[in-house]
Ligand SMILES: Cc1ncc(COP(=O)(O)O)c(C=O)c1O
């Protein structure tokens, strides 16, 4: 057999469906409500800080695990906001986005055959992350309409083979924000089985209707067994900058830093400087961010419901998961292709968030990190939407 083919690992997963939808959308000139990146401007002071850093010649490699100033800012913000002490020198690793922080963490702590618990539906990177790190995933369902999990099902997924659980709150794609009680159930299991919680909190500041985000590291005995992952991408609308970080106990940080070093050497030095400015923005920035997203959420909910989608109202993050059973299409992928080609709106087929694809066959995810004009244009195009049976 030819050796000019991908590795066994690389053939176990397909290209990202979300990014495929973005490409299809470009081809058909559609409105992109698939991939979660804002189409509005990042804060001016943050952009100015990046330009200033480049002009000041902060253009060479930064310290591999991140500039001291950004690590300090990350540690101080987490401690101030959540009362969890973080020592920048021992616990913070700056990476190329939350994506790399997650991959570096998994490669650093997982041995082949270790089990990792993953809630399903999940952010699509976690599947390939598990394969690339050699983990054996154990999936536990989050069930609509409120995306709650069955504590017994979760308990049954843990054993002494469990190395870690991946958590994402506020959650992509469901918009679920895990409650303190739910986190308590997860924390009990992590302590019982000596497992690590890897918590992706990239939508930390994007929460609605007075719902509060609780980091699992805040729960008793959890700071010493939690890796909290975050990034500049969503909070400051700079998804293309690729600056994120992991906050980990000192016992895991050395391994994460080594893997990170050999994967990427480091994140862009001038953008790390700008990250310090970003993290220094005052509280009103975060309040405004959440308020702006809540308004966009309500706008897209109204549009989608008027066009006959069944919507699961999100408490956080910037996505709306919908049910499309009423439109009568064969499945979610056929519907998503129809939507982008014939209607001109791109969304993500629900099955791409599930390992048990059948659970996503009547679902479609839309994002609302977009300008009002973009959402209004999507509304105009959705008027073309027809149930499958009326098509010739
Ligand atoms: C849950 C979640 N984690 C991580 C990422 C990627 O983050 P980053 O841009 O920092 O790599 C995304 C992007 O959509 C996401 O939704």
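For the reader, a short list of remarks on this structure follows.
- Relative packing of peptides 349-356, 128-135, 77-84 - highest average C-beta neighbours within 10 Å first: 349-356, 128-135, 77-84
- For the chain, the longest principal axis of the alpha carbon atoms and the long axis of helix 97-109 meet at an angle near 60°.
- Quotient of the Cα radius of gyration of the chain and 2.2 N^0.38 Å, N being its number of residues: 0.98.
- C-alpha long axis of helix 372-382 to longest principal axis of the chain, angle in °: 40 degrees
- Bridge type composition, the stretch 196-283 - antiparallel percent by DSSP, nearest 5: 50 percent
- Shape category assigned to the stretch 307-387 from the gyration tensor of Cα positions, a/c cut at 1.5: oblate
- Normalising by residue count, the stretch 122-275 has a Cα convex hull of 130 Å³ per residue.
- Summed over qualifying helices (DSSP H, 4 residues or more, each -39500 (n - 2.57)) and divided by its residue number, the chain shows a 222 nm mean residue ellipticity of -12000 deg cm²/dmol.
- Using alpha-carbon coordinates, inclination of helix 250-264 to the longest axis of the chain, degrees: 60 degrees
- Prolate/oblate/rounded call for the stretch 171-255, Cα gyration tensor, a/c under 1.5 rounded: oblate
- Antiparallel content of DSSP bridges confined to the chain, in %, to 5: 50 percent
- Coarse-grained scattering of the stretch 1-138 at q = 0.13, 0.22 Å⁻¹, given as base-10 log I(q)/I(0) from a Debye sum over alpha-carbon atoms: -0.94, -1.27
Each value in this text was obtained by applying a stated rule to the coordinates, not by laboratory testing. Since we're looking at a predicted model, the values are computed, not measured. Glycine gets a Cβ as well: all are built from the backbone with ideal geometry, and neighbour counts include every protein chain shown.
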